[in-house]
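See below for the structure under consideration.
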Amino acid sequence: MIEVKNLTKKFINGDTELIANKNLSFEVATGEFLSIIGRSGSGKSTLLYQMGLLDHPTSGEIFIDGENVTNLYTDARTNYKIGRAHV
C-alpha cells in the first residue's frame with residue numbers, strides 16, 4: 001500500500017514561489033491501479049518524483065507498506081526495496 005498524507009512541494013526562484021502539489025492525500029492499496037491525469041504543468045511528474053523517492057517533499061509524508069519513507073537518507077532511498085524482498 002502507498003499512502004500519501006498532506007504532501008506539498010514548493011519551488012522557490014528568487015521572489016517567486018511555485019506550489020506544484022498542495023496538501024495531497026490519498027491511498028493506493030496493494031494490487032490497485034491508479035491513473036494520474038492533468039494538464040501540462042499541473043504537478044503530475046512532481047508527485048511521481050516524491051512517490052518514487054527521487055525527491056523530498058516540502059511537507060507531508062509518504063508511507064510504503066506502512067513505513068514512513070519521507071525522510072530516508074540518500075543511500076536508503078536509493079536501495080529501498082518494497083517489502084524488503086531481495087531479488
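Miscellaneous remarks
- All positions within region 58-73 that are among the polar types (S, T, N, Q) and either open to solvent by 100 Å² or more (accessible area, probe 1.4 Å) or in contact (Cβ under 8 Å) with a residue 60 or more places away in the chain (or both): Asn71
- Scanning region 1-20 for residues that are closer than 13 Å to His56 by Cβ and out of contact with any Gly (no Cβ under 9 Å at 6 or more places or on another chain) gives Lys10, Phe11.
- All positions within region 55-85 that are touching a Ser or Thr at 6+ places or on another chain (Cβ under 8 Å) and small (Gly, Ala, Ser): Ser59, Gly60
- Scope region 1-18; condition open to solvent by less than 70 Å² (accessible area, probe 1.4 Å) and free of Cβ contacts under 8 Å to residues at least 40 places away in the same chain; matching residues: Gly14
Residue-by-condition table, conditions (1) among the aromatic types (Phe, Trp, Tyr); (2) more than 17 Å from Asn23 (Cα to Cα); (3) touching a Cys at 6+ places or on another chain (Cβ under 9 Å):
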{"site": "Arg39", "(1), (2), (3)": "no, yes, no"}
{"site": "Gln50", "(1), (2), (3)": "no, no, no"}
{"site": "Phe63", "(1), (2), (3)": "yes, no, no"}
{"site": "Tyr73", "(1), (2), (3)": "yes, yes, no"}
{"site": "Arg77", "(1), (2), (3)": "no, yes, no"}
{"site": "Lys81", "(1), (2), (3)": "no, yes, no"}
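- Within region 31-68, the residues that satisfy the criterion of being part of a loop (DSSP other than H, G, I, E, B) and within 13 Å of the chain's Cα centre (by Cα) are Ile36, Gly43, Gly52, Leu53, Leu54, Asp55, His56, Pro57, Thr58.
- Qualifying positions in region 21-48 - surrounded by 11 or more Cβ atoms within 10 Å (Cβ to Cβ) and charged (D, E, K, R): Lys22, Glu27, Lys44
The values are calculated or read from the model by the stated rules, or taken from the named source; none is laboratory data. Fair warning: this is a prediction, and the values are worked out from it, not measured in the lab. With ideal geometry, Cβ positions are generated from the backbone for all residues, glycine too; neighbour counts draw on all protein chains shown. Note: accessible area is taken over every heavy atom of the protein model, side chains too, but ligands, DNA and RNA are not part of it. Shrake-Rupley method; radii C 1.70, N 1.55, O 1.52, S 1.80 Å.
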